[in-house]
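Enquirer: Supplied in structure tokens, the structure appears directly below.
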Amino acid sequence: MEYYLRCIDCGKKYEREDIYTCECGGLLEVAIDFDSVEIDFKFDGNELRVWKYRCLLPVKREPVSLKEGGTPLYHATKLAEELGCKVYVKHEGANPSGSFKDRGMTVGVTKAIELGRNAVACASTGNTSASMAMYAAKAGLKAYVLLPAGKVALGKVAQALMHGAKVIGIRGNFDEALALVRKISEEEGFYLLNSVNPFRLEGQKTIAYEIVDEIGTPDRVVLPVGNAGNISAIYKGFKELKELGLIDSIPKMSGVQAEGANPIYKAVMECREDIDPVLKPETVATAIRIGQPVNAKKALRAIYESNGTAVQVSDEEIIRAQKDLAAKEGIGVEPASAASVAGLRKLVAEGVVERDETVVCITTGHLLKDPEAVIRACGQPIEVDASLEAIRAVL
Ligand SMILES: *Cc1c(COP(=O)(O)O)cnc(C)c1O
Ligand SMILES: [Zn+2]
């Protein structure tokens, strides 16, 4: 497969791969030469995983893989009953490190090695660092992580530390951490693995491929939006399948943001092509606590071109959806992931989603990522004396 990097703003093409943005400052995307593609997989619902679609992924060497992808797509029957549309949940929490970031990292870390780098770096609200640390460990690369101190869920920090990354908490928010890590990476020659990296997004587009592989093209895909890489990646996946003639339509890409971190939502409401940053983003859903999404332009195009939309939800609505997914569907997710279902609820209530639509909600990360949020939402277990009477009394 032939490909090159192309600027989404000025269209400039690059043969070199060791850059993250265009000279004009625009975002880059991997442009595939479709004539050079030889499809060697079948959409038969079998053996789903990221590397099933290797003929559409821009790498040249044996991938660094931890068997990512192939996540379960559940038919959420109770939610479907409540909402009156056909609801599926694709549970990305079932990836090796517990979030969809693994799909990006398997490609991104493979690219780091192709480019001859021996260290990778990222800023993170948590899951990027957990995933990057894991894949760097597998590949034998050094890993450097900048986190907003005190604002990252416990499970994610634990993963980054145990997989051997150098973890640095900064007294600032994610947006500041990202600006800093971009500078440091350039100075030190670290390969930057935030979602500004176009190769990382290539891995994440396989979410679209797997959905089509299993159920064909849904009418709508609903997912949480933070730095806005994933919605851009999934849209790109569907668009490529359409350009290859493998599907006929593209789902309406529908992004969900928290009320306290809603720049994409506001831009969509005003039909704008770019965002006004939110300077002090705040939400229980720490994975989407981002005020200045780097991929805003790509995400807004994905939403407009697919006839999708954006919606905002409150922290209460997010926690309610998290509890419902866990207690009614048996799907354990972290708060940001539950934003997808909270957002779908709102879109149904607003009459945006039609009754007969087939909708796929992406639940981006696992319940165990953020145990502290769970205890705040559910309280501590009841504690009683070690006697039958005491237990009977509380049953
Ligand atoms: C990274 C992440 C998001 C946000 O994805 P973006 O690509 O930054 O929009 C949402 N949920 C979880 C659990 C994440 O880890
Ligand atoms: Zn450009």
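Enquirer: Assuming a ≥ b ≥ c are the square roots of the Cα gyration tensor eigenvalues, decide whether the stretch 198-289 counts as rounded (a/c under 1.5), prolate (otherwise, with a/b larger than b/c) or oblate.
Expert: Note, shape of the stretch 198-289 comes out prolate.
Enquirer: Something else now. Determine the sum of side-chain charges near residue 321: Lys and Arg each +1, Asp and Glu each -1, restricted to other residues whose C-beta is under 13 angstrom from that of residue 321.
Expert: -1
Enquirer: Can you give the relative contact order of the chain as a percent, counting alpha carbon pairs under 8 Å and 6+ residues apart?
Expert: 17
Enquirer: Residues with beta-carbon under 11 Å from that of residue 40, excluding residue 40: net charge, scoring Lys, Arg +1 and Asp, Glu -1?
Expert: Details: positive: 42, 52, 54; negative: 38.
After counting each charged neighbour, the total is +2.
Enquirer: Distance from the Cα centre of the stretch 340-369 to that of the stretch 16-74, in angstrom?
Expert: 26
Enquirer: Between residue 55 and residue 249, what FRET efficiency follows from the Cβ-Cβ distance if R0 is 22 Å, with the result rounded to 0.05?
Expert: Approximately 0.45, to the nearest 0.05.
Enquirer: What list of ³J(HN,Hα) values in whole Hz, one per residue of the stretch 219-232 in order, does the Karplus curve 6.51 cos²θ - 1.76 cosθ + 1.60 (θ = phi - 60°) give from phi, with Gly and Pro shown as x?
Expert: Calculated HN-Hα couplings, in order: 7, 8, 10, 10, 8, x, 10, x, 7, 6, x, 5, 5, 5 Hz.
Enquirer: Using only the alpha carbons of the stretch 286-336, what is the convex hull's orientation-averaged projected area in square nanometres?
Expert: Taking a quarter of the hull surface, the average projection is 4.5 nm².
Enquirer: Residue 179: net charge of surrounding residues, Cβ under 15 Å, Lys/Arg +1, Asp/Glu -1, itself excluded?
Expert: -1
Enquirer: Shifting gears a bit: Over what distance in Å are the Cα centres of the stretch 238-266 and the stretch 77-92 separated?
Expert: 18
Enquirer: Please report the spacing between the Cα centers of the stretch 182-202 and the stretch 278-326 in Å, no decimals.
Expert: For the stretch 182-202 versus the stretch 278-326, the Cα centre distance is 23 Å.
Enquirer: For 340, 185, what ranking results if the residue with the fewest other Cβ atoms within 10 Å of its Cβ goes first?
Expert: Fewest to most other Cβ atoms nearby, the residues stand as 185, 340.
Enquirer: Which FRET efficiency value, to the nearest 0.05, is calculated for residue 75 and residue 375 with the Förster distance at 30 angstrom and r the Cβ-Cβ distance?
Expert: 0.50
Enquirer: Quick one: give the max-minus-min coordinate of the C-alpha atoms of the chain along each principal axis, largest first, in Å.
Expert: Extents along the principal axes: 72, 48, 42 Å.
Enquirer: Give me the mean projected area, in nm² to one decimal, of the convex hull enclosing the Cα positions of the stretch 316-395.
Expert: In nm², the orientation-averaged hull projection of the stretch 316-395 is 7.1.
Enquirer: What area, in nm² and to one decimal, does the C-alpha convex hull of the stretch 5-79 cast on average over all directions? Before the final figure, lay out each step's value.
Expert: Details: hull surface 33.4 nm².
If you wrap the Cα atoms of the stretch 5-79 in a convex hull and average its projections, you get 8.3 nm².
Enquirer: Rounded to the nearest 500, what is the chain's calculated 222 nm mean residue ellipticity when only DSSP H runs of at least 4 contribute -39500 (n - 2.57) each, over all residues?
Expert: After summing the helix terms and dividing by residue count, I get -11500 deg cm²/dmol.
Enquirer: For the stretch 251-336, just say rounded, prolate or oblate: build the C-alpha gyration tensor, square-root its eigenvalues into a ≥ b ≥ c, call rounded for a/c under 1.5, and beyond that prolate if a/b exceeds b/c, oblate if not.
Expert: Here the stretch 251-336 falls in the oblate category.
Enquirer: Now for a separate question. Structure shown: which of 101/205; 323/369; 78/323; 12/266 lie over 19 Å apart, alpha-carbon to alpha-carbon?
Expert: 12/266
Enquirer: Please compute the Cα-Cα pair-distance distribution of the stretch 65-119 with 5 Å bins starting at 0, giving whole percents from short to long.
Expert: Whole-percent P(r) values from 0 Å outward: 4, 19, 18, 14, 13, 11, 8, 5, 4, 3, 1.
Each reported figure results from applying straightforward, stated rules to the coordinates on display, with no laboratory input. As the structure is a computational prediction, the values presented were derived from the model and not from experiment. Glycine also receives a Cβ, built like all others from the backbone with ideal geometry; neighbour counts cover every protein chain displayed.
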